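To start, the structure itself, in structure tokens.
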Amino acid sequence: MIIELGLLERSKIIDLVNLVQSVAKEAISNLDINGFIKELEGRLNGMSEEKEYTIDRFENDYAVCENRDTKEMINIPKKDLPEGIKEGSILKLKDGKYSINVDKEKEISERIKDKMDRLWNN
């Protein structure tokens, strides 16, 4: 049976496998199964946190995005993204769904405007 996964699902599976492997190595080296379980639970909870991405550009049916925390570049299918996106849009990923972070976009726009004003008025 062949199952097709989107990039988001594949990325989550790879993250999960890497997470389990790294925690397992630590636990085996310490021979502490309770510590292993506790560490795994903590890291899994951390995976459900919100993530933010900036749309860098579009290539065919994908938005090439930068993770705002890690600076990692990922391709997100346009079909998974909300209406009204553009280059520079700030996306928030929460519970497997993307939305536009209008407040963050406004904050960044104002910061850039202030920098430009200082640059040209000095």
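Read-outs throughout are calculated quantities, based only on the coordinates presented, and are distinct from any laboratory measurement. All values reported here derive from a predicted model rather than from experimental measurement. Neighbour counts run over all protein chains shown; Cβ positions are idealised from the backbone, glycine included.
One table, with the values for the structure above:
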item: Residues with amide H under 5 Å from that of GLY88, placed H, sequence gap 5 or more; result: ILE55, ASP56
item: Point-to-point label distance, ARG118-VAL102, nm (Cα→Cβ direction, 7 Å offset); result: 2.9 nm
item: Filtered GluC sites (Glu not before Pro), segment 48-122: DSSP coil and at most 16 other beta carbons within 10 Å; result: GLU49, GLU50, GLU72, GLU83, GLU87
